[in-house]
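One structure is given here, and the rest of the page talks about it.
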Amino acid sequence: GYKGRLGLFEAVEITASMRKLILEGANENTLAQEAFRHGTSLQKSASQLVAQGLTSLEEALRVTRAEAAYE
């Protein structure tokens with residue numbers, strides 16, 4: 001089941017500069033760099049949960065490394 005589990009999220013705000021890059025057809029790397037200047041990366045979200053004592057460093061690394069394998 002899922003009871004007691006925490007979510008780990010990336011959030012990206014579409015700012016004016018981000019919108020401009022999208023409309024110009026910027027590549028994925030450029031968009032990612034701009035997005036995470038203002039947003040929350042998966043790694044940052046995981047490190048916040050570790051700092052709050054809500055998950056272990058080992059679990060945070062396991063999940064974020066699995067995500068990095070898909071990039």
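Amide H to amide H, with H built 1.01 Å from N, Gly39 comes under 5 Å of Glu13, counting only residues 5 or more places away or on other chains.
In the chain, the portion of solvent-accessible area held by carbon and sulfur atoms comes to 52 percent [1.4 Å probe, whole percent, DNA, RNA and ligands not counted].
Based on DSSP H segments of at least four residues, each scored -39500 (n - 2.57), the chain has a per-residue ellipticity at 222 nm of -17000 deg cm²/dmol. Quick note on the chain: its Rg to Rh ratio, both from C-alpha atoms and Rh being the Kirkwood radius, is 1.07.
For the chain, what does the accessible surface come to per residue with a 1.4 Å probe? Please give it in Å². Counting only protein heavy atoms, the per-residue value for the chain is 80 Å².
The values are calculated or read from the model by the stated rules, or taken from the named source; none is laboratory data. It should be emphasised that the depicted structure is a prediction, and the values quoted were computed from it without experimental measurement. Quick note on the areas: whole protein, heavy atoms, side chains included, nothing else; ligands and nucleic acids left out. Shrake-Rupley method; radii C 1.70, N 1.55, O 1.52, S 1.80 Å.
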